[in-house]
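Here's the structure, in C-alpha cells; my notes come after.
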Amino acid sequence: MSIQHQEFRGRVARLQSKHDGFSQGYAARVQSDGLIVIEPRKIRSRVSGKIFVLIIGAFLLFKAFLIAALGFDTYDERVAKLAGGNQVEQIGAVIMQSDPASVWAAQQIGPILR
C-alpha cells in the first residue's frame, strides 16, 4: 500500500471518529479571535458522586431509624429471619445487617423516638 493511501485512510478514520462524536450532539463556541469552533458534546453521567453519597447516607439513616424504632434485639431477629429465606432475601439480610454507623445513629435517634 502506498504512503498516500495510508495517509488517506488515516484521514478517513479521523473523520469517522469525529462524526461518531458529533452523533451524540455538539456545541458551538466563538474563540477570542472570532473563529467559530464546533465540538462534540461531552457525555456526562447523570449520577454524580454527591448524589451517590447522599443515597448511601439516606439508606444508613433509614436503617438507623428501623433499628431505633424496633429495638436492637427485634431488628436482629428480623434480619436473621430474612437470612433464612431465598437468595433475594439473603442478599437483603446482608445489606440490612447492623453496621457501626447505623448502630451509632440509632443510639442517637432512640431517645428522640421514645
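The values are calculated or read from the model by the stated rules, or taken from the named source; none is laboratory data. As the structure is a prediction and not an experimental result, all values here were calculated from the model. Glycine also receives a Cβ, built like all others from the backbone with ideal geometry; neighbour counts cover every protein chain displayed.
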Q.
Taking the criterion of being under 30 Å from SER102 (Cβ atoms) and of a type in the set (Gly, Ala, Ser), would at least one residue in region 26-45 satisfy it?
A. yes
Q) For region 67-85, how many residues meet the condition of being more than 12 Å from GLN97 (Cβ to Cβ) and without any contact (Cβ under 8 Å) to a residue 24 or more places away in the chain? A) 8
Q) Which residue, of ARG41, ARG11, is touching a strand residue (DSSP E or B) at 6+ places or on another chain (Cβ under 6 Å) and of a type outside the set (A, V, I, L, M)? A) ARG41
(Q) Checking the structure you have, find out if any residue of region 96-104 is among the small types (Gly, Ala, Ser), surrounded by fewer than 14 Cβ atoms within 10 Å (Cβ to Cβ) and farther than 30 Å from GLN16 by Cα. (A) no
Q. Are any residues in region 18-43 among the hydroxyl-bearing types (Ser, Thr, Tyr) and either in a strand (DSSP E or B) or surrounded by 10 or more Cβ atoms within 10 Å (Cβ to Cβ) (or both), and if so, which ones?
A. TYR26
Q. Is it the case that some residue within region 73-80 is basic (Lys, Arg), modelled with pLDDT of 90 or more and not assigned by TED's automatic domain parsing to the domain that holds GLN107?
A. no
Q: With a cut-off of at least 1 residues that are over 22 Å from the mean Cα position of the chain (by Cα) and on the phi > 0 side of the Ramachandran plot, name the helices (runs of 4 or more DSSP H) lying wholly within region 61-114.
A: none
Q. Within the set of pairs 6 or more residues apart or between chains, which connect a residue that is of a type in the set (A, V, I, L, M) inside region 35-54 to a residue that is surrounded by 10 or more Cβ atoms within 10 Å (Cβ to Cβ) with Cβ atoms less than 7 Å apart?
A. ILE38/TYR26; ILE43/GLN24
